[in-house]
Amino acid sequence: MQIFAVRRTSSRPSSRASSRPSSRAAIALSATAALLGGALLSGCAADDSPAGSDAGTGNTAAAGQKGKTVLRIGVFGAFGMKEAGLFDAYMKAHPDVSIEQNSIERNENYYPQLLNHLTSGSGLSDIQAVEVNNIAEITATQSARLMDLGKVAGVQKDAFLPWKWAQGTSKDGKTVGLGTDVGPTGICYRKDLFQKAGLPTDREAVGKLWAGDWKKYLDVGKQYKAKAPDGTKFLDSASGLLAAVMGGNEKRFYDTDGKVIYKTNPAVKEAWDIAAESATAGLTAKHQQFQKGWDQGFANGQFATVSCPPWMLGYIQDKAGDAGKGKWDVAAAPKPSNWGGAFLTVPEAGKNKAEAAKLAAWLTAPAQQATLFAKRGSFPSAQTAYADPVVSKAKHAYFGGAPIGEIFSQAAKGVPVQILGPKDLVINTNMADVGMLQVDQKGRSPEDGWNAAVKAIDNALDQ
């Protein structure tokens, strides 16, 4: 199955935000940027609710929907389900149901409101989306206010990736979030630049260069640097590499008891050292991801590799433009890693809980996840969807016909069950944007960058 990506009509990034979000994870949550199957991504994530409608729950029918059960879904940004036609398909099969979407463009505005509404038990949509970096806080502090979706008819635990199911499940075994998508990571690379640097260009050969070890990725970078085409670097940014390496570890910032351990966790130290070495060895183009300079770097061919989940493929295509078609390809990352994803939850305070739970189960079922991938590029969190030819045989024309279904399916299956904490987003953002950015862009030592990150994180966590 050949996948054709379509260029967006807007310069707005796929982050569901028009400017720098609170973290790269907010961008990761878009999972809609691949723009597959001829689907065109909307350039703006406006509120989709009817004028004057109440965003809260209730079975009061909207104008023209008399006698129907109105189910409202609260999301952040262009979530993709409506755009992929899933709402229309469900309403066609259930003529007594009407679905309305309420969208807030940025997650950093959406999530605090969700917490307030859950606490008060009012103002909630029947279904509420949750971003992956917020799901640990939701399962730890809000599970009593959310339905156990693991008990809903038709929901099968084994259909989901084990680590994705675990992320949406509280310590007492209550599954409050059903996964929509994931962000298994590959390495996107420029074949033309690799060739000029004397490196292999075939995606399987490229993947073998660094298979099993991110340090081998740096070794390839040093080989690239020795014969690098003028004006190019091996990778885009040290912070992007930091995110990719940490995304493959079971433990990052918290332990199983909920204790903050990032300062003493060897896995975090290793990820920091690898990313810092990419900067001190002169392998990076010193960009801050999702900023104007980074976008221009794609357009001007300033770097040869970037860590890329499926949702980033459309972003690269958009920024590199027609001139980059056929020059980019995708290889397996050194180790399986995840960057992004989201969940659907059903508040207990809703008046249409049973109908909402049925809809949430249907929207996250393997068949619907495969459709969402084909039309919007969101990679399924339901592992059984990987056998669907829509996923398994998916190729991306812009990336030289890369078998993205196969590459990202294998990566997703290898991601460990990761321990998430309530303040992952705070820790991750400060580590990248306060600490690593200083090493990469300002030339500070890795030790100074680490100390700056720790100070900022401790202040944010009141430690």
Say R0 is 35 Å: what FRET efficiency, to the nearest 0.05, do residue 226 and residue 395 get from their beta-carbon distance? 0.60
A correct fewest-to-most ranking of 75, 417, 182, 454 by other Cβ atoms within 10 Å would be 417, 454, 75, 182
Per-residue ³J(HN,Hα) for the range 450-460, Karplus 6.51 cos²θ - 1.76 cosθ + 1.60, θ = phi - 60°, Hz, x for Gly and Pro: 4, 4, 5, 5, 4, 4, 5, 5, 4, 5, 5
Of 290-303, 433-446, ordering from highest average Cβ density within 10 Å down gives 433-446, 290-303
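Let me have the relative contact order for the chain, percent, based on Cα pairs under 8 Å that are six or more residues apart. Before the final figure, lay out the partial values.
On the way: 1020 pairs, mean separation 116.7, N = 463.
Reported as a whole number, the value is 25 percent.
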Here FRET efficiency (C-beta to C-beta, residue 300 to residue 93, R₀ 60 Å, nearest 0.05) is 0.80
Around residue 210, under 13 Å between beta carbons, what's the net of Lys plus Arg minus Asp minus Glu among the other residues? +3
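Tally Lys/Arg at +1 and Asp/Glu at -1 over every other residue whose Cβ is under 13 Å from the Cβ of residue 335; what's the total? Before the final figure, lay out the partial values.
On the way: positive: 215, 216, 413; negative: 213, 250, 270.
After counting each charged neighbour, the total is 0.
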Is any residue of the range 152-177 close enough, with backbone N under 19 Å, to a label point placed 7 angstrom from the Cα of residue 255 along the Cα-Cβ axis, and if so, which? 171
In whole Hz, what ³J(HN,Hα) sequence does the range 302-316 give by Karplus (6.51, -1.76, 1.60; θ = phi - 60°), x for Gly and Pro? 7, 9, 9, 9, 7, 5, 9, x, x, 5, 7, 4, x, 5, 4
When the Cα centres of the range 187-224 and the range 79-99 are compared, how far apart do they sit, in Å? 44
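What's the extension gain from residue 109 to residue 196 if we count 0.36 nm per residue and subtract their Cα-Cα distance? It would help to have the intermediate numbers written out before the result.
Working: separation 87, 0.36 × 87 = 31.32 nm, distance 4.54 nm.
Value of the extension gain: 26.8 nm.
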Taking H placed 1.01 Å from N in the peptide plane, check which residues at least 5 places from residue 252 or on another chain put their amide H under 5 Å from its amide H. 419
Could you calculate the FRET efficiency of residue 204 with residue 66 from 1/(1 + (r/R0)^6), where r is the beta carbon distance between them and R0 is 45 Å, rounded to 0.05? 0.15
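Report the local net charge at residue 375: Lys and Arg +1, Asp and Glu -1, summed over other residues whose C-beta lies under 14 Å from its C-beta.
On the way: positive: 82, 376; negative: 83, 88, 181, 388.
Combined, the nearby Lys, Arg, Asp and Glu give -2.
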If I model a spin label at residue 458 and residue 144 as a point 7 Å from the Cα along the Cα→Cβ vector, what separation in nanometres do I get? 3.4
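Bear in mind these aren't lab numbers, they're just calculated from the coordinates by the rules spelled out. Bear in mind that the values here come from a model prediction, so they are computed numbers and not experimental data. Reconstructed Cβ throughout: ideal geometry from the backbone, glycine too, with neighbour counts over all protein chains shown.
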